[in-house]
Amino acid sequence: MPTTSSSEMQRALAAGLGAYLIWGVAPLFFQALSFASAAEIVLHRVVWAVPLLFGALAVAGKVKQAFREIARPRTLFTLLATAALISINWWGFIFAVNSGHVLQASLGYYINPLLSVAVGVFVLREPLGAFRIAAIVLAALGVINQTLTVGEVPWLSLLLACSFTAYGYLRKVAAVDGRIGLFWETCFILPFSLVGLTVIQLQGNGHFHESAGQALLLMSAGVVTVVPLLLYAIGVRGLRLSTMGLMQFIAPTLQFTVGVASGEAFTAGHLITFGFIWAGVAVFIYSQLRREKTRTPAVAETGRPGADQPRP
């Protein structure tokens with residue numbers, strides 16, 4: 001197994017952190033787009049992401065591989081499903097941000113990895129363990145508290161968590177490079193996006209032609225989509241997946257900070273909800289670290305990477 005140099009690891013760490021930092025402060029960008037509806041923003045996000053992703057594939061020399069991958073029927077149908085799921089997730093996130101529910105978006109992305117654990121246990125038959133049970137139970141208690149104490153079902157949080165968990169599961173089944181997968185997903189959504197934007201414009205509700213500044217912001221939605229993905233791809237190739245998995249909590253933490261700083265309601269009931277979720281996250285992180293610690297000696301002895309390490 002080739003060793004990773006210190007400079008390469010630092011580059012990967014910087015890239016991974018960069019990806020999660022961008023995702024974490026993304027609400028600030030989409031709040032600047034609040035002049036448009038969530039649907040219009042998502043449609044522009046797709047339209048401008050497609051050429052950027054194609055360019056990224058061309059630079060990486062993966063265009064031929066992308067067409068080989070999509071020629072497989074199983075991959076094609078799986079990516080059609082993930083395209084629908086990522087559309088729902090993007091709309092839910094932007095709607096949450098622009099309707100003043102950034103805290104719900106943050107809660108959804110805290111719940112997501114815990115929900116992924118549940119899917120791993122009940123669908124993929126992965127080992128359960130006391131810590132995983134505790135993490136799932138704590139997350140469930142947080143949702144129940146939000147419903148009973150705060151008096152609202154956190155449907156946006158659940159929509160984001162469920163859609164992205166299902167998306168992650170299907171993408172794992174497809175086993176396609178992240179850039180290739182997102183390229184085809186956006187390509188599948190592109191015709192609907194072009195039709196949707198045409199209809200919105202004909203109805204007089206479009207904002208692309210109102211000013212150069214608004215047009216530039218809408219076009220930048222594609223950049224905000226593609227850049228963190230490319231940084232993530234660099235990070236995941238140079239770091240253990242377990243390290244990237246622990247870093248994923250940077251994004252919802254920053255989103256939580258943005259929500260509170262924006263003046264969203266944060267009562268004692270909300271604090272209890274997040275307290276349960278944070279406790280579940282802490283248990284999850286502890287469980288991951290324990291698993292990593294027990295796996296490391298085996299890797300050192302056999303000379304083979306663990307299942308959670310980046311593949312070449």
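Can you tell me how region 81-161 classifies by the Cα gyration tensor, rounded, prolate or oblate, using a/c under 1.5 as the rounded cut?
Here region 81-161 falls in the oblate category.
Å³ per residue of the Cα convex hull, for region 60-117?
In region 60-117, the Cα convex hull volume per residue is 125 Å³.
So what's the Cα pair-distance distribution over the chain, bin width 20 Å, in %?
Reading the bins upward from 0: 30, 60, 11, 0.
Quick check: net charge around residue 146, other residues with Cβ under 15 Å of its Cβ, Lys/Arg +1 and Asp/Glu -1?
With Lys, Arg at +1 and Asp, Glu at -1, the net is -2.
Could you give the dipole magnitude of the chain about its Cα centre, charging the beta-carbon of Lys and Arg +1 and that of Asp and Glu -1, in debye to the nearest 20?
I would put it at about 1140 debye.
Between 50, 14, 122, whose Cα lies farthest towards the positive end of the dipole of the chain when Lys and Arg beta carbons carry +1 and Asp and Glu beta carbons carry -1, centred on the Cα centre?
About the Cα centre, the residue reaching furthest to the positive side is 122.
With Cβ to Cβ distances under 15 Å as the rule, what net charge do the other residues near residue 10 carry (K, R +1; D, E -1)?
Within the 15 Å Cβ shell, the charges total +2.
Only Cα pairs under 8 Å and at least 6 apart count here; give the relative contact order of region 118-239 as a rounded whole percent.
About 13 percent, as a whole number.
When a footprinting reagent is the concern and you count Cβ atoms within 10 Å, what order do 20, 110 take, fewest first? Each step should come with its number before you reach the end.
On the way: 20 22, 110 26.
Neighbour counts put them in this order, fewest first: 20, 110.
A short reminder: the numbers here are calculations on the coordinates, not readings from a lab. It should be emphasised that the depicted structure is a prediction, and the values quoted were computed from it without experimental measurement. We place every Cβ from the backbone using ideal geometry, glycine too, and count neighbours over all the protein chains shown.
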